[in-house]
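> Before I ask anything, here is the structure I am working with.
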Amino acid sequence: MRVIVINGPNLNRLGVREPGVYGSKTLTDLEQQLLGFGELAGIDVSCFQSNHEGDLIDAIHEANEQYEGIIINPGAFTHYSYAIRDAIASVTIPTIEVHISNVHAREDFRHTSVTAPVTVGQIVGLGFKGYELAMLALKEQQGGK
């Protein structure tokens, strides 16, 4: 099984940006953790990060032909990007939305996700572990392949 992990704006600042909220580990740490977890779980993992909405949309579109699932943390785009929402809705592979922090325990504007309704699920507040759980859920949906 092939899965792409797509991280949106400011996630390249992990380890520096609000460590009290996001922890001290970096995006590189996250990607290395996911590659290792994927290897153990029999999942081929690719990682992509961009601060640019169009690049994220292109990655979603391209994933439809190359992967069996998408794990996405759209960052702040979660709350207002109908373009990313429509990109997710346009692909035929399952997508799971992940957030490192518990967005529902934070500022009011973070409580609404315009992307969640077109995903198969949402995992929030479990740190990097949420990405691993999303991988396992996608694998299970594919019949454990």
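The values are calculated or read from the model by the stated rules, or taken from the named source; none is laboratory data. Nothing here was measured: the structure is a model prediction, and the numbers come from that model. Because the Cβ atoms are built from the backbone with ideal geometry, glycine has one as well, and the counts that use them run over all protein chains shown. The area values use the complete protein model at the heavy-atom level, side chains included, leaving out ligands, DNA and RNA. Shrake-Rupley method; radii C 1.70, N 1.55, O 1.52, S 1.80 Å.
> Compute the distance in nm between two label points, each set 7 Å from the Cα along the Cα-to-Cβ direction, one at residue 39 and one at residue 24.
Taking the two extended label points, one gets 2.5 nm.
> Does region 30-106 classify as rounded, prolate or oblate by the C-alpha gyration tensor (a ≥ b ≥ c root eigenvalues; a/c under 1.5 gives rounded; else a/b over b/c gives prolate, otherwise oblate)? Provide the component values of the computation, followed by the final result.
Numbers: a/c = 1.88, a/b = 1.19, b/c = 1.58.
Verdict is oblate for region 30-106.
> Average projected area of the Cα convex hull of the chain, in nm²?
7.5
> Using helices alone, I'd like the mean residue ellipticity at 222 nm for the chain: each DSSP H run of four-plus residues gives -39500 (n - 2.57), total over residue count, nearest 500. Walk me through the numbers on the way to the answer.
On the way: 5 runs with 55 residues, N = 145.
Calculated from helices alone, the mean residue ellipticity at 222 nm is -11500 deg cm²/dmol.
> Return the loop-located trypsin sites (Lys or Arg not before Pro) in region 12-85 (DSSP other than H, G, I, E, B) with at most 12 other Cβ atoms within 10 Å of their own Cβ; answer none if there are none.
Values: sites: 13, 17, 25, 85; in loops: 17, 25.
Filter output for region 12-85: 17.
> Sticking with this structure for a sec: Under a plain spin-label model, where a point goes 7 Å from the Cα along Cα-to-Cβ, how far apart in nm are residue 108 and residue 129?
Once both label points are built, they end up 3.2 nm from each other.
> If you count only protein heavy atoms and use a 1.4 Å probe, how large is the accessible surface of residue 79, to the nearest 10 Å²?
Per-residue accessible area (residue 79): approximately 30 Å².
> Run the numbers for residue 62 and residue 120: contour at 0.36 nm per residue of separation, minus the present Cα-Cα distance, in nm. Numbers along the way, then the final one.
Details: separation 58, 0.36 × 58 = 20.88 nm, distance 1.88 nm.
Gain in length upon complete extension: 19.0 nm.
> With the chain treated as a Gaussian network of Cα nodes joined by springs under 10 Å, which of 108, 58, 29 yields the largest mean-square fluctuation?
Between 108, 58, 29, it is 108 that shows the largest mean-square fluctuation.
> Have a look at 75, 20, 127 and tell me which one the Gaussian network model of the chain (Cα, springs below 10 Å) gives the largest fluctuation.
In the Gaussian network model the winner is 20.
> Calculate, in nm to one decimal, what residue 10 and residue 76 gain on full extension: separation in residues at 0.36 nm each, minus their alpha carbon distance. List each step's numbers first, then the result.
Numbers: separation 66, 0.36 × 66 = 23.76 nm, distance 0.85 nm.
Contour length minus Cα-Cα distance gives 22.9 nm.
> What accessible area per residue comes out for region 53-143, rounded to a whole number of Å², with a 1.4 Å probe?
Values: 4010 Å² over 91 residues.
Accessible surface, normalised per residue, equals 44 Å².
> Please report, as a whole percent, how much of the solvent-accessible surface of region 4-83 comes from carbon and sulfur atoms (probe radius 1.4 Å).
Working: 1820 of 3790 Å².
Carbon and sulfur atoms account for 48 percent of the accessible area of region 4-83.
> Averaged over every viewing direction, what's the projected area of the C-alpha convex hull for region 36-79? Give it in nm², one decimal, please. Present the calculation step by step, with values, prior to reporting the outcome.
Details: hull surface 14.4 nm².
For region 36-79, averaging the hull's shadow over all directions gives 3.6 nm².
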